Structures are given as C-alpha cells and as structure tokens.
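See structure below.
The values are calculated or read from the model by the stated rules, or taken from the named source; none is laboratory data. If you're wondering where the values come from, they're calculated on a predicted model, not measured in any experiment. Ideal geometry is used to build each Cβ from the backbone, glycine not excepted, and the neighbour counts take in all protein chains shown. These accessible areas exclude ligands, DNA and RNA; they are computed on the full protein's heavy atoms, side chains included. Shrake-Rupley method; radii C 1.70, N 1.55, O 1.52, S 1.80 Å.
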Amino acid sequence: MNSLNTSGIDQWFVGREDILNVFNRCFVNRHMRNGVYFYGTGGLGNTWIFKKIIADSRYFPGRFIPPVIDFFDTANHNIRGLQNSIKKSIETKGVFDEYDAAISQIKESRAELSYLGSIATLEGRANSIFIECCNKAIAGREIALLFDTFE
C-alpha cells in the first residue's frame, strides 16, 4: 500500500492534465530513462499530483510506483539518508550488497579516525556504486520515483 492516501483522488483532482500528460509520455519510450521536474509554490497542489499519479498507476500493471520519498522526512536531508530512502523504494534482493559493503567500509574508516582524504575517496566510491546498484535494480522494470521536496 502506498504511503499517500489515494481514496477519492479521482473525484477531487481538478486540472493539471498537462503535467500528468508529460509524466505519462515519459513511459512511451521504455528504453529511455526520463525525468519530469514539476515544481510550484506551496498550496498549488504538487502533492495532489503525486496522489493522482499513484492512483492512476493501478491502470498500468507493469508500472511500479513505490511510496513517495518525502523531504519532510529528516532522514532525507543528507545524501546517505536520501540514498537509503531510494534503496528501500527500489531494492531487489541483494542488488545493493556492494553499496552496503562500501558504507560499512566508510563507517570503519571513521571509527579508526582514518585520513580525511581516504574517507572522501570512499564516499565518492560509495556514491558511484549506489548509481550502479540503482541501474541494476531498475533494469527491465518500469519504475517511477516520486520526490516530494520543499517549496
């Protein structure tokens, strides 16, 4: 079950068809990786658009839309927290093992008070591994990640 309550969204949703059309066109060419960046000031219905997308996804059985990654969650205020939220959303068993090992290595280096340059190198390596793991996790799948950010 998605974390956003989608009951009654079809009846309450008004407008924004242009945004929904842009979002749905991104799935026309499944071999391409696409992104839609929709923004607006608070109160314009940005979160409602996510609710509508989630509600409509029930009509596309091959499309996987995990719960919205919300930036109001303080865990998402840093890179590792955000990566962890993404990982939880799309994880396929064992795909992120190499990333988890890289994070463990960083923690061990910090505990040993290693040289800051070596920790920075490990951080960069972990970020690269994270992207590789995400690519493996989404391969052959139609996935939409929704990020609800601050206005």
> Out of the range 80-119, which residues are closer than 15 Å to F130 by Cα, without any contact (Cβ under 8 Å) to a residue 40 or more places away in the chain and not charged (D, E, K, R)?
Replying inline: G81, L82, N84, S85, G94, Y99, A101, A102, I103, S104, Q105, I106
> Looking at this structure, is I106 farther than 27 Å from T47 by Cα and touching a helix residue (DSSP H, G or I) at 6+ places or on another chain (Cβ under 9 Å)?
Replying inline: yes
> Would you call E123 within 13 Å of the chain's Cα centre (by Cα), more than 27 Å from I19 (Cα to Cα) and either aliphatic (A, V, I, L, M) or surrounded by 13 or more Cβ atoms within 10 Å (Cβ to Cβ) (or both)?
Replying inline: no
> When both residues are 6+ apart or on different chains and their Cβ atoms are under 7 Å apart, which pairs have a first residue that lies in the range 133-149 and is over 19 Å from R58 (Cα atoms), and a second that is open to solvent by 70 Å² or more (accessible area, probe 1.4 Å)?
Replying inline: C133/E98; A137/E91
> Out of F64, F72, which single residue is under 17 Å from I90 (Cα atoms), modelled with pLDDT of 75 or more and either surrounded by fewer than 16 Cβ atoms within 10 Å (Cβ to Cβ) or among the hydroxyl-bearing types (S, T, Y) (or both)?
Replying inline: F64
